[in-house]
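Working notes for the structure below.
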Amino acid sequence: MFPPFWRLCNCHNSGHDVRVGYSDVMRRAPAIIGSAIFLVIAPGTLAVYVPWYFTHWRFEPVLFPIARVIGGILISAGLPVLLDSFARFALQGLGTPAPVMPPKHLVVTGFYRYVRNPMYVAVTALIIGQGLLFGSVAVLEYGAIVWAAFFLFVLGYEEPALGEQFPEEYKRYRANVRRWIPRTTPWRGDH
């Protein structure tokens, strides 16, 4: 499912894959470390600690007949999307998802070819998945609140900031890739 490490390290602007050496990894080290720390702090808190706090990962009565199956699917789908998206920020964008160390390059590869906000979609899927899996209405309500906060953050801060940082590139990307609902085919950046 995941591309080889050396392909992840390719900056999408170069137009071709380049194997990276020690110096390339060291140049990316601050972004890798920063992204790993932010992954633990932000999604770790929102999608792991808070749902655990509500449920202690104990199963309550099922909410509806296939709720646990849907919950398991959402968790299984959300986790690789989240991890891949974080890796791309560090290795291709040369930054972190945290506003204090934003990427130097607009990341439009991987799951970003399908949806503009795969991290937020993945975190929401993880939270909602746990609510369904563990039968917790409180976690489902929390998931709705988190998604609303993501929505407001994206509209109020993130999209304007990306529009300023990458004016033409982001405008073209926005015109071709939806904010929340994934495309059925990957955007290739050629239309």
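Just so you know, all these numbers are worked out from the coordinates, no wet-lab data involved. For clarity, every value in this text was computed on a predicted model and none was experimentally measured. Methodologically, a virtual Cβ is constructed for each residue, glycine included, from the backbone with ideal geometry; neighbour enumeration extends over all protein chains shown.
Report the longest stretch of the chain that contains none of the trypsin sites (Lys or Arg not before Pro) sitting in a DSSP loop with at most 10 other Cβ atoms within 10 Å. Present the calculation step by step, with values, prior to reporting the outcome.
On the way: sites that count: ARG58, ARG188.
Of all site-free stretches, the longest is 59-187.
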Exercise for review: With a point put 7 Å past each Cα toward its Cβ, work out how far GLU164 is from ALA138 in nm, to one decimal.
Suggested key: 4.0
Exercise for review: Calculate, for PHE59 and ILE145, the FRET efficiency according to 1/(1 + (r/R0)^6) with r their C-beta to C-beta distance and R0 22 Å; round to the nearest 0.05.
Suggested key: 0.45
Check your understanding: Rounded, prolate or oblate: which one fits the range 136-191, using the alpha carbon gyration tensor with axes a ≥ b ≥ c (rounded when a/c is under 1.5, else prolate when a/b beats b/c, else oblate)?
Key -> oblate
Point to revise | Given charges at Cβ of Lys, Arg, Asp, Glu: the chain dipole, positive-most of GLY189, ILE70, GLY135 | key: GLY189
Check your understanding: Between LEU155 and MET26, what is the label-to-label distance in nm when each label sits 7 Å out along the Cα-to-Cβ direction?
Key -> 4.7
Check your understanding: From the square roots a ≥ b ≥ c of the eigenvalues of the alpha-carbon gyration tensor of the chain, which class results: rounded (a/c under 1.5), prolate (a/b over b/c), or oblate?
Key -> prolate
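About the Cα centre, and with charges only on the beta carbon of Lys, Arg (+1) and Asp, Glu (-1), how big is the dipole of the chain? Nearest 20 debye, please.
So the dipole magnitude of the chain works out to roughly 360 debye.
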Practice item. For an R0 of 30 angstrom, estimate the FRET efficiency from the Cβ-Cβ distance between ALA98 and THR184 and round to the nearest 0.05. Key: 0.45
**Study point:** Within the chain, helix-based [θ] at 222 nm, where runs of 4 or more DSSP H residues each add -39,500 (n - 2.57), nearest 500
**Key:** -18000 deg cm²/dmol
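On full extension of the chain, what length is gained from THR45 through ALA175, given 0.36 nm per residue of separation minus the C-alpha to C-alpha distance?
43.6 nm
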